[in-house]
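Peer 1: Pasting in a structure now, in structure tokens, and then I'll have a few things to ask.
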């Protein structure tokens, strides 16, 4: 389905479309079990959790993360 298939949606303003998308996302996310999580994502989460558990002090602070991002620009 596309926006052009529902003329009422096409006529909405940008803020109204954003609110509609938020409502749609809330509706989808309220049914977590209906959204399958790919095995590759679960494996990545497990890998990251194991890495954190092996070195819990190795995380960056928010300021360190921002500085690292800024240095890449």
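Please treat every number below as a calculation from the coordinates, not as lab data. Note that the coordinates shown come from a computational prediction; the quantities given were computed from them, not determined experimentally. So basically every Cβ, Gly included, is an ideal-geometry build from the backbone, and we count neighbours across all protein chains shown.
Peer 1: Treat each spin label as a single point 7 Å out from the Cα along the C-beta direction, and report the residue 25 to residue 70 distance in nm.
Peer 2: Calculated label separation equals 2.7 nm.
Peer 1: Against the longest principal axis of the chain, how steep is helix 14-29, in degrees 0 to 90 to the nearest 10, with axes from Cα atoms?
Peer 2: Roughly 60 degrees between the two axes.
Peer 1: Moving to a separate point now. Would you mind checking the tilt of helix 62-71 against the longest principal axis of the Cα atoms of the chain, expressed as 0 to 90 degrees and rounded to 10?
Peer 2: That works out to roughly 80 degrees.
Peer 1: Quick one: angle between helix 39-54 and the longest Cα principal axis of the chain, in degrees between 0 and 90, rounded to 10, please.
Peer 2: Rounded to the nearest ten degrees, it is 30.
Peer 1: Now a separate question. Out of all Cα-Cα pairs in the chain, roughly what percent, to the nearest whole number, are more than 15 Å apart?
Peer 2: Numbers: 2003 of 2628 pairs.
The calculated P(r) of the chain puts 76 percent of pairs beyond 15 Å.
Peer 1: How much mean residue ellipticity at 222 nm does the chain get from its helices, if each DSSP H run of length 4 or more adds -39500 (n - 2.57) and you divide by all residues, to the nearest 500 deg cm²/dmol? Walk me through the numbers before you get to the answer.
Peer 2: Numbers: 4 runs with 46 residues, N = 73.
Value at 222 nm, helices only: -19500 deg cm²/dmol.
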